[in-house]
Amino acid sequence: MSDGIFRRVAIAGNPNTGKSTIFNALTGLRQKVGNYPGVTVEKKTGKFFSSHGEAMELIDLPGSYSLQVRSPDEAVARDLLLGRIAGVARPDVIIAVVDASNLDRHLYIAAQMLELGIPVVVALNMVDVAEEHGLVIDLMALRERLGVPVIPMVASKGTGIIELKQAVSRTPLHKPEQRAQLPIVYETELAALGKKLPYPAETARLEAMLLLSLDDTGLAEQCDPAHRADVAAAQARLRTHGIDPLAAPVDARYDWVAAICTAVIHRHGEDSDGLTISDRLDIVLTHKLWGWLAFLGMMTAMFLCIFLVAKWPMDWISAVVDAVASWTKTKLPDGDLQSLVSDGVIHGVGAVVVFLPQILILFFFLGLLEDSGYMARAAFIMDRLMSRVGLHGKSFVPMLSSFACAIPGIMATRTIENRKDRFVTILVAPLMSCSARLPVYTLMIALLLPAAGLWEKAGIMLSMYLLGIVAAFGMAWLFKKTLLRSETPMLLLELPPYRAPAIRGIIQRMWERGVIFLRRAGTVILALNIILWALLHYPKPADKSAPESERIANSIGGRAGKMIEPAIAPLGFDWKIGIGLVGSFAAREVFVSTMSQVYDVTDDDKDKLMDRVGAAMTAEKRETGAPMFTPLVCLSIMVFYVLAMQCLSTVAIVRRETNSWRWPLFQIAYMNALAWLASFLVYQGGKLLGWQ
């Protein structure tokens with residue numbers, strides 16, 4: 001074992017093979033997420049116990065198609081398996097997850113893993129899908145051909161998990177002896193080059209093979225100058241023998257995989273037209289017209305649920321917040337401490353926490369789309385549109401993930417091979433409406449159309465999301481034509497078979513994101529609300545009988561709002577909205593709690609917290625006596641929040657992913673300028689048309 005305490009197990013394989021489902025099934029809640037040393041790629045680890053009670057550490061590697069990498073995620077998977085990452089030991093065992101219904105494609109990376117000199121257990125997942133396709137796999141023959149344990153699994157149903165634990169638990173696991181056979185001349189060059197490289201004997205052969213497989217550009221970028229001449233000389237000698245140093249190992253592995261598949265796969269019971277269930281669904285769901293209608297239909301259903309299903313738990317949370325605030329007021333004497341705890345902390349944080357059900361529903365739907373295999377279809381559908389702005393469908397997956405949160409969306413851009421395309425996607429991903437905007441949209445829609453029905457509210461919400469998508473596509477087109485000019489890439493995307501979502505895994509991810517949201521509410525948002533309370537309550541007015549509105553206007557926060565009022569007045573905003581905008585630049589969802597403090601929302605047993613915030617804003621008047629929050633102003637606010645960069649956490653992630661302050665600062669500047677301009681056009685254009 002690598003450290004004498006845990007056996008370190010890596011779970012690896014192609015994307016969409018069910019790796020995460022197996023990881024979650026083995027580790028349960030014993031997981032933690034961090035980052036690999038020196039890189040920004042997410043490191044997901046967990047603990048599980050073998051069938052003998054031995055504690056093991058499981059590392060979920062990013063999905064990879066090959067160890068000959070094309071993206072940052074694949075580079076991390078390769079470097080960990082080769083022991084290149086400082087402070088992270090090589091795994092003791094590899095669980096190679098392969099899709100039984102696509103064995104010919106998925107065995108390629110398994111072939112590379114067998115060359116690593118590390119014990120391998122093959123998790124043959126989705127055998128049920130293979131059977132639906134009319135495929136029967138001879139497990140005994142496959143085990144014999146690979147020379148390693150092969151465990152048939154249906155991870156989404158928990159089938160095979162116990163057997164997988166037992167296979168990993170066996171001590172000792174023998175290192176695989178089977179692998180693709182290379183020409184003798186190639187093996188000779190590998191051995192000679194491996195001795196010259198500064199790598200351990202167990203990885204020297206594969207390290208040498210990776211170097212020999214590099215073209216001239218790769219050699220200049222990835223090979224140590226001290227060994228570049230040796231590699232180039234070895235490549236030249238192979239060519240004199242009629243061997244292509246780049247293609248030879250690839251061809252050998254594919255020939256080996258093809259021979260295995262011919263021997264172990266048998267077909268039966270195929271439909272007369274040869275179409276599978278996934279094929280039949282794709283005829284509709286990837287159609288040029290029906291595919292778009294299906295996509296928009298699913299988005300509409302999601303927003304309907306956000307309003308309809310979330311209403312009851314939101315009302316319950318609001319009632320709990322009110323009850324806790326009222327109880328606090330009975331226990332604390334009148335004064336600043338009572339106001340801080342009740343109004344600043346409980347009502348301030350509660351005004352954000354009340355939206356937790358809506359956020360969980362959003363994550364639930366995104367989990368369904370991903371686990372069912374539809375997410376790849378969404379990328380395929382969007383590729384037709386993305387190509388028009390210079391990107392391909394792979395860029396839409398991070399953008400779609402940004403509906404939940406821009407941070408994982410930006411991190412998901414690591415699967416994009418081209419650096420310029422990756423940076424363009426990072427720059428526009430925050431334009432997709434994340435879950436932090438939901439509280440603002442919900443509050444503004446209630447003010448915009450107080451008597452609106454469910455379909456009207458869902459329609460307005462959908463239009464805000466569509467506005468973000470259109471803005472993201474427009475800015476992507478502009479960046480691809482100017483700052484980050486490059487050719488439009490071709491989409492190469494594997495469409496996984498449709499499968500039943502693993503509800504347990506989706507719920508677990510909802511739990512993780514819910515905990516993150518509550519932790520954020522209990523730290524960042526709590527701190528911001530305390531600071532905001534202080535800014536709105538100090539300095540104290542000399543006349544203690546002064547009305548609340550005058551006290552807030554003369555506070556530090558009120559003065560700051562009035563200072564920026566000239567810049568936001570053309571958008572229809574006053575200084576009170578300005579206070580909310582300033583607080584939102586740290587976290588968008590703070591806008592709602594800010595408004596609850598600015599309008600001094602007090603306890604009222606008759607109404608829910610959010611109803612009271614809405615009522616206070618509805619009653620707000622301008623100096624002319626006209627209502628402050630007209631439908632036009634509410635629409636202007638929503639448009640501003642769609643387009644503005646108002647999240648310090650996202651800024652920090654962009655800095656880390658781009659390794660420069662240049663791009664996040666540029667992102668802040670262009671997004672906020674775009675938000676101001678769009679909001680200006682909405683408000684001033686609406687006034688010209690006679691709207692209110």
(request) Check residue 484 against each of (1) modelled with pLDDT under 85; (2) part of a helix (DSSP H, G or I) and name the one condition it does not meet. (result) (2)
(request) Take the residues in segment 553-580 that are among the hydrophobic types (A, V, I, L, M, F, W, C) and surrounded by 22 or more Cβ atoms within 10 Å (Cβ to Cβ), then tell me which one is farthest from residue 590 (Cα to Cα). (result) 571
(request) Give, as residue ranges, the helices (runs of 4 or more DSSP H) completely inside segment 66-170 that count at least 1 residues that are in contact with an Asp or Glu (Cβ under 8 Å, 6 or more places away or on another chain). (result) 72-82, 103-113, 127-132, 161-169
(request) State which residue is surrounded by the most Cβ atoms within 10 Å (Cβ to Cβ) when the search covers only segment 56-88 and only residues that are more than 19 Å from residue 423 (Cβ to Cβ) and of a type in the set (S, T, N, Q). (result) 64
(message) Condition first: in contact with a helix residue (DSSP H, G or I) (Cβ under 6 Å, 6 or more places away or on another chain), part of a helix (DSSP H, G or I), without any contact (Cβ under 8 Å) to a residue 24 or more places away in the chain and surrounded by 17 or more Cβ atoms within 10 Å (Cβ to Cβ). Can you find one or more residues in segment 209-218 that meet it?
(response) yes
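Only one residue in 263, 258, 191 is touching a Leu at 6+ places or on another chain (Cβ under 9 Å) and closer than 27 Å to residue 118 by Cα. Which one? Walk me through it before giving the result.
On the way: 258 fails: touching a Leu at 6+ places or on another chain (Cβ under 9 Å); 191 fails: touching a Leu at 6+ places or on another chain (Cβ under 9 Å).
Of the residues listed, the single one that is touching a Leu at 6+ places or on another chain (Cβ under 9 Å) and closer than 27 Å to residue 118 by Cα is 263.
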(request) State all residues of segment 312-363 that are over 21 Å from residue 434 (Cα atoms) and in a loop (DSSP other than H, G, I, E, B); if no residue qualifies, say none. (result) 332, 333, 334, 335
(request) Select from segment 566-586 the residues that are touching a helix residue (DSSP H, G or I) at 6+ places or on another chain (Cβ under 6 Å), modelled with pLDDT of 75 or more and under 21 Å from residue 435 (Cα atoms) and list them in ascending order. (result) 580, 583, 584
(request) Find all pairs meeting these conditions: Cβ atoms under 6 angstrom apart; at least six residues apart or on different chains; first residue within segment 634-648 and in a helix (DSSP H, G or I); second residue among the charged types (D, E, K, R). (result) 641/437
(message) Given the options 517, 403, name the one that is in a loop (DSSP other than H, G, I, E, B) and within 23 Å of residue 581 (Cβ to Cβ).
(response) 403
(request) Starting from segment 662-686, keep only residues that are within 19 Å of residue 586 (Cα to Cα), then list their pairs with residues that are basic (Lys, Arg) whose Cβ atoms are within a distance under 8 Å, requiring at least 6 positions of separation or different chains. (result) 663/655; 664/655
(request) Kindly provide the set of residues from segment 1-50 that are among the aromatic types (Phe, Trp, Tyr), more than 22 Å from residue 110 (Cβ to Cβ) and modelled with pLDDT of 55 or more, ordered by number. (result) 6, 49
(request) Pull up segment 219-252, narrow it to residues that are within 29 Å of residue 178 (Cβ to Cβ) and within 33 Å of the chain's Cα centre (by Cα), then point me to the one that is surrounded by the fewest Cβ atoms within 10 Å (Cβ to Cβ). (result) 222
(message) Looking at (1) buried (at least 20 other Cβ atoms within 10 Å of the Cβ); (2) hydrophobic (A, V, I, L, M, F, W, C); (3) more than 24 Å from the chain's Cα centre (by Cα), which one does residue 96 not meet, given that it meets all the others?
(response) (3)
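The values are calculated or read from the model by the stated rules, or taken from the named source; none is laboratory data. Quantities reported herein were computed from a predicted structural model and do not represent experimental measurements. A quick note on method: Cβ atoms are made from the backbone with ideal geometry, for glycine too, and the neighbour counts reach across all protein chains shown.
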